[in-house]
1. Taking 0.36 nm per intervening residue step and subtracting the Cα-Cα distance, what contour gain separates residue 168 from residue 26 on full extension?
2. In percent, how large is the relative contact order of the chain, given Cα pairs closer than 8 Å and 6 or more residues apart?
3. Taking 41 Å as R0, compute the FRET efficiency from the Cβ-Cβ separation of residue 82 and residue 209 and round it to 0.05.
4. Counting only heavy atoms of protein chains, what accessible area per residue, in Å², does the chain have with a probe of 1.4 Å?
5. With the dipole of the chain worked out from charges on the C-beta (+1 for Lys and Arg, -1 for Asp and Glu) around the Cα centre, which of 40, 195, 183 lies farthest toward the positive end?
6. Does the stretch 131-208 come out rounded, prolate or oblate, given a ≥ b ≥ c as the square roots of the eigenvalues of its C-alpha gyration tensor, rounded meaning a/c under 1.5 and, failing that, prolate meaning a/b above b/c?
7. Could you tell me which of rounded, prolate or oblate describes the chain, using a ≥ b ≥ c as the square roots of the eigenvalues of the alpha-carbon gyration tensor, with rounded for a/c under 1.5 and, failing that, prolate when a/b is larger than b/c and oblate otherwise?
8. What percent does the relative contact order of the stretch 26-170 come to when contacts are Cα pairs within less than 8 Å and at least six residues apart?
Amino acid sequence: MAGHSKFKNIMHRKGAQDKKRSAMFSKLSREITVAAKMGTPDPAMNPRLRAAVLAAKAQSMPKDNIQRAIEKASGGDAENYEDVRYEGFGPGGVSLIVEALTDNRNRTATNVRTSFSKNGGNLGASGSVSHGFDRLGLITYPAGAGSADAVLEAAIEAGAEDVESDEDGHQIWTAQESLHEVAKALEATLGEAESTKLAWRPQTPVDVDGDAAGQLFKLIDALEDDDDIQTVWGNYEVSDEVMEKLG
């Protein structure tokens, strides 16, 4: 992907995370509990749980919190969450995919629809935008993991499909069925990744600027403020100049 398509512009912006640490820990705990409940409580034997634990560690979530979330899966008080995906359109002609873990579909659907309608967007039907994305595995490393050439060489050797490197870090893309195999191979050469997850990669990015960019980020913030929402993916690109103006 060319131009200003940094990972921070594909997924949610990292700048808001510090202000939402408590909410983020809650979402991370929910994902850990669901992953442990769906499989074995051993991260080494449960790829989804391992990815969830790595994501929690990347956000400096305390080990005790992580362990409690895993143990909650075996308790009788664990809620029954399910994965739900919503698709819609945001300001500037942007396509958005919203992933949620919810114990009440009606509540979550109402909240998502309200966030879209109040912030210049429209909630679409299932499949309305996902055809414009590829479902891939994504492994991220900090910039300090190595040079762009070194990471590219390691990624090729591990069987990855594509690599994007910039001053913010390295994003390594894989076929979804190869995600954890590639991640394991990379760990031997680059160390533990910042995150390992399934992702939605846009096929055709859309440039967004001016008022549309500001309204788009308000929509994304509104969605991310919902405890049920885990991740918001989009096909938008926003230049550094516009980001600076938006603060």
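1. Between residue 168 and residue 26, full extension yields 48.5 nm more.
2. 26 percent
3. Values: r = 37 Å, r/R0 = 0.91.
With a Förster radius of 41 Å, E is 0.65.
4. Counting only protein heavy atoms, the per-residue value for the chain is 49 Å².
5. 40
6. Values: a/c = 2.06, a/b = 1.34, b/c = 1.54.
Note, shape of the stretch 131-208 comes out oblate.
7. It is oblate, given that a/c is not under 1.5 and a/b is not larger than b/c.
8. After rounding, I find 16 percent.
The values are calculated or read from the model by the stated rules, or taken from the named source; none is laboratory data. Everything numeric here is computed off the predicted structure, so don't read it as measured data. Every residue, glycine among them, receives a Cβ derived from its backbone with ideal geometry; neighbour counts consider all protein chains shown. Note: accessible area is taken over every heavy atom of the protein model, side chains too, but ligands, DNA and RNA are not part of it. Shrake-Rupley method; radii C 1.70, N 1.55, O 1.52, S 1.80 Å.
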